[in-house]
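Single-structure report; data block below.
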Amino acid sequence: MADRISIVTGDITRLDADAIVNAANESLLGGGGVDGAIHRSAGPELLAECRRLGGCPTGEARVTKAYNLKARIVIHTVGPVWQGGGHDEGDLLAACYRNAMTLAVENGVRTIAFPAISTGVYRFPPDRAAIIALATVNTFLAHDDTIEKVIFCCFSAQSAECHERATAVALH
């Protein structure tokens with residue numbers, strides 16, 4: 001599976017992938033961080049389509065067109081807010097990755113890029129989040145060969161380091 005997973009540092013809105021994943025809030029109407037960047041780059045049509053979706057519960061995912069982005073589609077998923085670890089945050093975060101991958105397969109995606117879901121304003125511990133992300137994606141890839149490449153696009157070098165460390169735990 002490791003040959004199908006890569007970790008990069010950069011701006012997810014500039015990646016050339018079939019799908020990019022948006023770490024959205026439940027309203028799907030834009031916000032800060034990666035969510036705001038995706039909405040700004042995609043243009044106002046994305047917001048209009050998201051309004052029609054009527055939101056998305058934590059752990060689930062929804063698909064829209066990508067409009068002005070290089071990607072073909074945006075998969076919006078709502079990660080959990082970290083509350084100390086006793087509120088199913090890990091299971092909800094894993095569900096974000098699993099549901100996004102499922103929607104990717106259903107939409108004919110061959111390459112998908114993920115941000116570090118919930119590690120910004122939602123305060124999920126980055127090391128723990130990276131292990132969950134890599135383990136969940138790796139398990140999915142072991143049972144489905146539709147997706148050829150999964151890119152973890154980290155906004156900072158620190159996030160990329162967390163993902164690199166997590167590969168030792170999650171992929172072996």
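Brief remarks follow.
- Of the criteria (1) open to solvent by less than 50 Å² (accessible area, probe 1.4 Å); (2) more than 23 Å from THR9 (Cβ to Cβ); (3) in contact (Cβ under 8 Å) with a residue 24 or more places away in the chain, which one GLY79 fails: (2)
- Tally of residues being in contact with a His (Cβ under 7 Å, 6 or more places away or on another chain) and open to solvent by 50 Å² or more (accessible area, probe 1.4 Å) across region 5-27: 0
- Here the condition is being open to solvent by less than 40 Å² (accessible area, probe 1.4 Å) and assigned to a helix (DSSP H, G or I); of GLY59, GLY55, GLY30, GLY90, it holds for GLY90 alone.
- Extreme residue, nearest to ILE38 (Cα to Cα), among residues of region 120-172 that are aromatic (Phe, Trp, Tyr) and open to solvent by less than 10 Å² (accessible area, probe 1.4 Å): PHE152
- The number of residues in region 122-155 being closer than 20 Å to LEU15 by Cβ, in a loop (DSSP other than H, G, I, E, B) and either modelled with pLDDT of 95 or more or of a type in the set (Val, Ile, Thr) (or both) comes to 3.
- Among the residues of region 87-102, the one identified as within 14 Å of CYS56 (Cα to Cα) and out of contact with any Gly (no Cβ under 8 Å at 6 or more places or on another chain) is ALA100.
- Conditions (1) surrounded by 22 or more Cβ atoms within 10 Å (Cβ to Cβ); (2) over 14 Å from THR136 (Cβ atoms); (3) touching a strand residue (DSSP E or B) at 6+ places or on another chain (Cβ under 7 Å): number failed by GLU49: (1)
- Out of CYS154, CYS162, sole residue that is in contact with a helix residue (DSSP H, G or I) (Cβ under 8 Å, 6 or more places away or on another chain) and touching a residue at least 60 places away in the same chain (Cβ under 8 Å): CYS154
- Of all residues in region 17-53, those satisfying the criterion of being closer than 24 Å to ILE147 by Cα and under 15 Å from the mean Cα position of the chain (by Cα) are ALA17, ASP18, ALA19, ILE20, VAL21, ASN22, ALA23, ALA24, VAL34, ASP35, ILE38.
- ALA71 vs. criteria at pLDDT 95 or above, crowded, with 21+ Cβ neighbours inside 10 Å and not in a helix (DSSP H, G or I): yes
The values are calculated or read from the model by the stated rules, or taken from the named source; none is laboratory data. This is a predicted model, so every value here is computed, not measured. Positions of Cβ are generated from backbone atoms using ideal geometry, with glycine treated the same way; all protein chains shown enter the neighbour counts. Just so you know, the surface numbers come from the protein's heavy atoms only, side chains and all, with ligands and any DNA or RNA stripped out. Shrake-Rupley method; radii C 1.70, N 1.55, O 1.52, S 1.80 Å.
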